[in-house]
Amino acid sequence: MVSSGYIGANAQTVESAVTIPLEQAINGVEAMKYITSSSGNDGTSQITVTFDVTRDVDLAAVDVQNRVSQALGRLPDSVKNTGVIITKQIGGFIFGAGVYTENGQYDSLFLSNYLDIYVRDAVKRVPGVGDAIIFGERKYAMRLWLDPARMAQRGLTATTVLSALQEQNVQVAAGEVGQQPSKDGQSYEISVRAIGRLTEPSEFDNIVLKSGTDGTLVRLRDVGHAVLGAESYASLLRFNGHDAVGLAVTQLPGANALDVDRDAKAELAVLSKNFPPGMKYAVAFDSTTVVGESIKDVLQTLVEAVVLVIIVIFLFLQDWRSTFIPAITIPVSLIGTFIFVKLFGFSINTLTLFGITLATGLVVDDAIVVIENVERHITEGITEPHNAASVAMKEVAGAVIATSLVLVAVFVPVALFPGTTVFCSGNSR
């Protein structure tokens, strides 16, 4: 994700001045599958670069960073000053929460600022979290309101005000008094702390915009006023009928969604204990619910299948000893399956759990055939179990091996199948 902001620009300006130069630089980076972008009327530009699953994410991020660096010289100064942010993440959100007050004690500006200072950084430190995004964010900013008529009377323009603001609202390194080399007898060396960036509306009101030939000064309060407010009022978020701010969590590539969901929610619950009185949060949506329920259903099916297999074996063989032997093959088959899951680097998901269930059924099926044949020979007169087992295996060994080879011939090609790939091109704006 390549994100940037061009303050005050509309979507068309952002598109031509920011998004297109970045797209042209990023396009064609190694192992890239496709690229999409969006440019907003709020001055934001967001480019999503999707890579092949075999591509190392860290190397991909470095490649994108290098390509973006090549295009920085073509971007407006405002964009370069605020920076171009590059993050690694998987598309979509793990969960989203709404932060609100029931009685309206705090406005959205306060809520957004609180999340930005006390919540977002803590959530981003949770292992596996890619980013914590604040929806409806309203950062504190000093807003200057200008009267066009009064400015015209004094021959001022918005550019004049901007230049005066940049000159007088600066952080100054004032140096030291008495620094060596100094005159003899100098006993003290004192660091000078000068007034830096302005912080109060009254200080902005006193910014000098113009001086007349008679020595009179035109200040900002003569043509307008300063107000402490939000940087942008372009978005408004409401949750359960209350003015709110949203917090969405994304995951890093390779992270387990269920672990990220659990740990991030736990961290949010801990942070909520220090919320100001009346400030609450609630989970609005959770994309891992479907995954969790699917895995739970598969595990339930696995347990039911094991129980049914044991019951069926006992009903047909009518012998607990003969039933116990195939039942032992079930944990053996599960352990063997997990060994290959680990060797091939698979994760526990609905597909691998289905494979485990299938492997359990296949192994138990072969065990039932062998045990049933051994039992038949014992009832027909071969009383010694070892001899009965030897004779039975000579009869069914070929069939068991042939069945296994048929299954391998079916499932191995499927395992090597790369899956369905969708190719997309062009821009999404």
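Check GLU395, GLU372, GLU384 and return the single one that is of a type outside the set (Gly, Ala, Ser), within 19 Å of ALA327 (Cβ to Cβ) and open to solvent by 70 Å² or more (accessible area, probe 1.4 Å). Quick ask: steps written out before the conclusion?
Numbers: GLU395 fails: within 19 Å of ALA327 (Cβ to Cβ); GLU384 fails: within 19 Å of ALA327 (Cβ to Cβ).
Being of a type outside the set (Gly, Ala, Ser), within 19 Å of ALA327 (Cβ to Cβ) and open to solvent by 70 Å² or more (accessible area, probe 1.4 Å) holds for just one of GLU395, GLU372, GLU384, which is GLU372.
Condition test on ILE311, is it of a type in the set (A, V, I, L, M), modelled with pLDDT of 80 or more and in a helix (DSSP H, G or I)? So ILE311 passes the test.
When each of ARG193, ARG154 is tested for being over 30 Å from ILE86 (Cβ atoms), of a type outside the set (Ser, Thr, Tyr) and open to solvent by 90 Å² or more (accessible area, probe 1.4 Å), the lone residue that passes is ARG193.
Quick one: which of ALA230, ALA226 is under 19 Å from GLY136 (Cβ atoms) and either among the charged types (D, E, K, R) or surrounded by 11 or more Cβ atoms within 10 Å (Cβ to Cβ) (or both)?
When all the criteria are applied, what remains is ALA230.
Of the residues making up the stretch 281-297, those that are under 30 Å from PHE354 (Cα atoms) and open to solvent by less than 30 Å² (accessible area, probe 1.4 Å) are THR288, GLY292, ILE295.
Those helices (runs of 4 or more DSSP H) of the stretch 12-110 in which 1 or more residues are of a type in the set (Val, Ile, Thr) and without any contact (Cβ under 8 Å) to a residue 24 or more places away in the chain occupy 20-26, 57-71.
So is ILE325 open to solvent by 30 Å² or more (accessible area, probe 1.4 Å), more than 30 Å from VAL290 (Cβ to Cβ), in a helix (DSSP H, G or I) and among the aliphatic types (A, V, I, L, M) or not? Against the criterion (open to solvent by 30 Å² or more (accessible area, probe 1.4 Å), more than 30 Å from VAL290 (Cβ to Cβ), in a helix (DSSP H, G or I) and among the aliphatic types (A, V, I, L, M)), ILE325 qualifies.
Among the residues of the stretch 173-211, the ones that are of a type outside the set (Phe, Trp, Tyr) and more than 21 Å from ASP222 (Cβ to Cβ) come to 25 in all. In the set (1) open to solvent by 70 Å² or more (accessible area, probe 1.4 Å); (2) in contact with a helix residue (DSSP H, G or I) (Cβ under 7 Å, 6 or more places away or on another chain), TRP145 fails one condition alone, (2).
Which one of GLY185, GLY196 is farther than 30 Å from LEU268 by Cβ, assigned to a loop (DSSP other than H, G, I, E, B) and in contact (Cβ under 8 Å) with a residue 24 or more places away in the chain? Lay out the reasoning, then the answer.
On the way: GLY185 fails: in contact (Cβ under 8 Å) with a residue 24 or more places away in the chain.
Checking each option against the conditions leaves just GLY196.
Residues in the stretch 119-142 that are surrounded by 13 or more Cβ atoms within 10 Å (Cβ to Cβ) and more than 19 Å from TYR233 (Cα to Cα): 11 in all. Considering the stretch 254-280, the residues that are out of contact with any strand residue (DSSP E or B) (no Cβ under 8 Å at 6 or more places or on another chain), at negative phi and outside any helix (DSSP H, G or I) include one that is least open to solvent (accessible area, probe 1.4 Å), namely PRO276.
Open to solvent by 30 Å² or more (accessible area, probe 1.4 Å), of a type outside the set (Val, Ile, Thr) and outside any helix (DSSP H, G or I), is that true of PHE354? Break it down stepwise before answering.
Values: open to solvent by 30 Å² or more (accessible area, probe 1.4 Å): yes; of a type outside the set (Val, Ile, Thr): yes; outside any helix (DSSP H, G or I): no.
When the stated conditions are applied, PHE354 does not pass them.
Number of residues in the stretch 52-88 that are surrounded by 14 or more Cβ atoms within 10 Å (Cβ to Cβ), at pLDDT 90 or above and under 16 Å from the mean Cα position of the chain (by Cα) equals 2. Of all residues in the stretch 202-223, those satisfying the criterion of being open to solvent by 60 Å² or more (accessible area, probe 1.4 Å), charged (D, E, K, R) and outside any strand (DSSP E or B) are GLU203, ASP214, ARG221. Within the stretch 263-277, residues that are over 23 Å from GLU102 (Cα atoms) sit with their Cβ atoms under 7 Å from residues that are at pLDDT below 95 and exposed (fewer than 14 other Cβ atoms within 10 Å of the Cβ), at 6+ positions apart or across chains, in these pairs: ASP263/PRO127.
Among the conditions (1) open to solvent by 60 Å² or more (accessible area, probe 1.4 Å); (2) part of a strand (DSSP E or B); (3) closer than 18 Å to GLU231 by Cα, SER4 misses just one, which is (1). The set of residues in the stretch 32-51 being open to solvent by 70 Å² or more (accessible area, probe 1.4 Å) and touching a helix residue (DSSP H, G or I) at 6+ places or on another chain (Cβ under 6 Å) consists of ASN41 alone.
The values are calculated or read from the model by the stated rules, or taken from the named source; none is laboratory data. None of these values were measured; they are calculated from a predicted model. When we count neighbours, we look across all protein chains shown, and the Cβ atoms used for this are built from the backbone with ideal geometry, even at glycine. Accessible surface areas use protein heavy atoms only, side chains included; no ligands, DNA or RNA. Shrake-Rupley method; radii C 1.70, N 1.55, O 1.52, S 1.80 Å.
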